[in-house]
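Novice: Once you've had a glance at the structure underneath, I'll fire off some questions.
Every read-out reported here was derived from the displayed coordinates using simple, explicitly stated rules and does not represent laboratory data. Here the structure is a predicted model, which is why all the values come from computation and not from measurement. All Cβ positions, glycine included, derive from the backbone under ideal geometry; neighbour counts span all protein chains shown.
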């Protein structure tokens, strides 16, 4: 099994504490609300929502996939750090064993934030990653982030 790692940074005008509350702590409620055509709901299958917990995200009717399951690896509310691993479902094509995600949100000098993301794709033996497939997934995630950011800008009282 090999591993392929991708990292990126995204700037936002939303302050780090507010962005973390919305994008991590309440994402299970907020994302299906702002993108209902893509996401039905998120179910907690095991644990209390902290490290070791297993969640299942169920996709909308129009999606080509039904669900994904992920395990929460780390959740540091004080330092705005979140890590989880995709362990089952869509996104784990025949080439991928699992995908680990790490997100660190830091305050920016302008009062907004910088979101640092790292994705590590753990491939199955003898498999190689197609960079186009990875880029397509990253673009979908970026689109969801932009929708969430737009929601927070349009609703300044939310997650204050």
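Novice: Restricting the calculation to Cα positions, tell me the Rg (one decimal) and the Dmax (whole number) of the stretch 41-114 in Å.
Specialist: 14.6, 43
Novice: Quick one: 72, 134, fewest Cβ neighbours within 10 Å first, how do they rank?
Specialist: In order of increasing Cβ crowding within 10 Å: 134, 72.
Novice: Express the relative contact order of the stretch 9-79 as a whole percentage, based on alpha carbon pairs under 8 Å and six or more residues apart in sequence.
Specialist: Across the stretch 9-79, relative contact order equals 21 percent.
Novice: Residue separation times 0.36 nm, minus the C-alpha to C-alpha distance between residue 44 and residue 75: what's the value?
Specialist: Fully extending the segment from residue 44 to residue 75 adds 9.6 nm.
Novice: Let me ask something else about it. Please state the equivalent ellipsoid semi-axes for the chain: what are the square roots of 5 times the Cα gyration tensor eigenvalues, largest first, in whole Å?
Specialist: Value: 25, 18, 16 Å, ordered largest first.
Novice: Could you tell me the distance between the Cα centroids of the stretch 104-160 and the stretch 75-91, to the nearest Å?
Specialist: Centre-to-centre distance over Cα atoms comes out at 12 Å.
Novice: Taking the number of other C-beta atoms within 10 Å as the exposure measure, put 23, 39 in order starting with the fewest.
Specialist: The most exposed by this proxy come first: 39, 23.
Novice: Expressed as a rounded percentage, what relative contact order does the stretch 3-154 have, with Cα pairs under 8 Å and six or more residues apart?
Specialist: Result for the stretch 3-154 is 26 percent.
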